[in-house]
Amino acid sequence: MKKITTLVLSLVMFGMTAMAGGLLHNTNQHIAFVRMMARGASHEIDGVFTNPAGLAFMDHEGWTLSLNIQSASQSRDALTTFPLFPESDHTRLYHGDTQAPVVPSLYGAYMRDRWTFSGFFGFTGGGGKCSFTNGLPVFDAGIMAGIYSQTANLAQALAANPATAPILNDPRVAGLLPLTADKYSINSAMKGRQYIYGLQLGATYKVLDWMSAYAGARMNYFDGNYNGFVKVQPTPELATTVQQIAIAYPEFAPTLNTLVNQNGEMANIDLDCSQTGWGITPIIGVDLVWKGFTLAAKYEFKTNLNIENDTKTATAEPAAFEAALDDYKHGVNTPNDLPAVFYAALGYEFIPNKLRATVEYHYYDDKHAEMAHDKQKALRHGTHEVLGGVEWDINKTFTVSCGVQNTDYGLADGYQTHTSFACDSYSIGFGGAVNLSEKMKLNVGYFWTTYKDYERSETNYFGTTLPGSDTYSRTNKVFGAGIDFKF
């Protein structure tokens with residue numbers, strides 16, 4: 001069992017990848033992003049998040065507000081091959097679902113002369129609930145390897161001791177050791193939620209008629225909960241055999257009790273852990289406008305964020321599992337920094353007030369943001385994103401748009417875990433807007449993400465001393481609608 005104690009930590013390493021953006025960020029906060037993707041040169045209300053310096057060039061003095069609602073659905077699959085799996089090809093599919101049925105965001109900006117004051121509230125990270133109802137390969141493979149190794153060592157010890165060697169010849173024991181996966185069942189499940197609430201405030205000043213600057217900050221509040229269990233129970237036949245052997249060989253009973261406890265279980269792990277924490281993100285930006293071109297940039301500084309455990313349950317039997325839950329005992333702190341991010345965008349109006357396009361680049365400095373167990377060090381590089389989008393005003397009432405985003409995370413085997421894995425991807429979004437009146441606009445958008453499968457293999461699969469391999473895959477679909485008000 002000692003070989004799998006550290007594997008139980010994966011039960012709560014449950015980072016949920018953002019719906020769009022870097023490893024820890026959600027960038028799809030406004031429906032204008034959902035339908036166009038590249039909004040870094042925006043001079044509309046969504047610029048509060050994507051281009052706050054550009055608010056100085058909005059076309060409306062006074063108040064502008066925006067309410068947006070998105071619904072996201074994701075899946076995460078791990079196709080795992082491990083030699084102790086009882087299937088004929090030793091391969092299993094593990095499926096996880098992430099649901100975020102309602103993801104709101106609220107924008108506000110007040111413009112007067114050269115000043116614009118703005119604010120934003122939304123889910124800037126996490127943003128959903130995830131469940132693995134059939135467990136995870138890291139549980140199953142680790143437990144199977146641990147039981148096989150433990151019982152193989154037990155068989156060797158019995159054979160080497162003249163006093164206990166006859167036990168192996170007992171018909172009830174012969175061929176039983178070492179135990180294989182058909183002699184017991186593993187029941188495990190994991191449910192988790194993870195939200196980072198973001199409240200941003202800042203000010204924009206039009207320095208010159210063609211240049212503006214922004215300074216502000218975002219307060220991030222982390223709220224998470226992880227609830228899961230792992231239970232290993234012998235088959236009725238094995239439980240009966242263990243009882244019979246304990247009666248027939250009483251001197252052997254203490255050893256058998258380490259294999260199957262008095263409750264008839266081989267292992268029992270329960271966890272209910274909530275986590276909270278907060279951090280401040282300073283933000284600066286600049287926007288330049290010249291002859292139909294817009295050049296905009298924004299920089300978000302690294303956010304130091306530690307999350308603290310509020311643990312209701314963290315129990316493990318046998319005792320060999322207890323150390324694996326140390327990181328999730330009540331009061332323990334874990335680093336969960338948000339990386340520094342640089343955004344740059346170039347927009348151009350091909351036809352004034354009619355047809356425009358934007359290209360954009362994002363860089364997330366993930367390798368310098370401290371994460372649990374320093375897994376950020378395994379990444380090959382920070383996240384690179386390239387975006388492009390086109391928007392066309394058909395007339396004064398209707399607008400259509402579309403866009404693309406390509407994301408390269410710099411992934412490596414040492415970063416990936418079964419509960420927190422990412423896959424490089426590209427996204428496509430489209431949608432439109434309807435001017436319901438001079439002061440009210442409706443936005444509707446939809447995007448989906450296509451992921452590149454990530455394959456990894458090990459000769460020592462998660463410390464089991466046996467080979468194993470995984471193919472990670474994901475899906476992501478987001479639909480949203482929002483309304484902008486001017487008054």
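At-a-glance table
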{"item": "Distance between modelled label sites at Val102 and Ala378, nm, 7 Å Cα→Cβ extension", "result": "3.7"}
{"item": "Viscosity 0.692 mPa s, 37 °C: Kirkwood-radius Stokes-Einstein D of segment 208-298 over Cα pairs, µm²/s", "result": "168"}
{"item": "Cross-link pairs beyond the 29 Å C-alpha cut-off, checked among Lys183/Lys312; Lys206/Lys354; Lys231/Lys477; Lys129/Lys441; Lys231/Lys302; Lys191/Lys477", "result": "Lys183/Lys312; Lys231/Lys477; Lys129/Lys441; Lys231/Lys302"}
{"item": "Equivalent-ellipsoid semi-axes of segment 2-486, from the Cα gyration tensor, Å, largest first", "result": "55, 20, 18"}
{"item": "Loop-located trypsin sites (Lys or Arg not before Pro) in segment 95-136 whose Cβ has at most 16 other Cβ within 10 Å (DSSP)", "result": "Arg114"}
{"item": "Nitroxide proxy distance, nm - points 7 Å out along Cα→Cβ at Ala203 and Asp223", "result": "3.1"}
{"item": "Crossing angle, helix 137-160 versus the chain [Cα axis fit, 0-90 degrees, rounded to tens]", "result": "20"}
{"item": "Equivalent ellipsoid semi-axes - Cα gyration tensor, segment 371-487, angstrom", "result": "42, 13, 12"}
{"item": "Qualifying GluC sites (Glu not before Pro) for segment 378-487 [loop in DSSP, other Cβ within 10 Å: at most 10]", "result": "Glu438"}
{"item": "Simple label model, 7 Å out from Cα along Cβ direction - Tyr110 to Ser437, nm", "result": "2.2"}
{"item": "Within the chain, helix-based [θ] at 222 nm, where runs of 4 or more DSSP H residues each add -39,500 (n - 2.57), nearest 500", "result": "-3500 deg cm²/dmol"}
{"item": "Semi-axes of the equivalent ellipsoid for segment 147-232, Cα gyration tensor, largest first, Å", "result": "68, 14, 10"}
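All of the numbers you see were taken from the coordinates with simple rules; none came from a lab. As the structure is a prediction and not an experimental result, all values here were calculated from the model. Note that each Cβ is placed from the backbone with ideal geometry, even for glycine, and that neighbours are counted across all protein chains shown.
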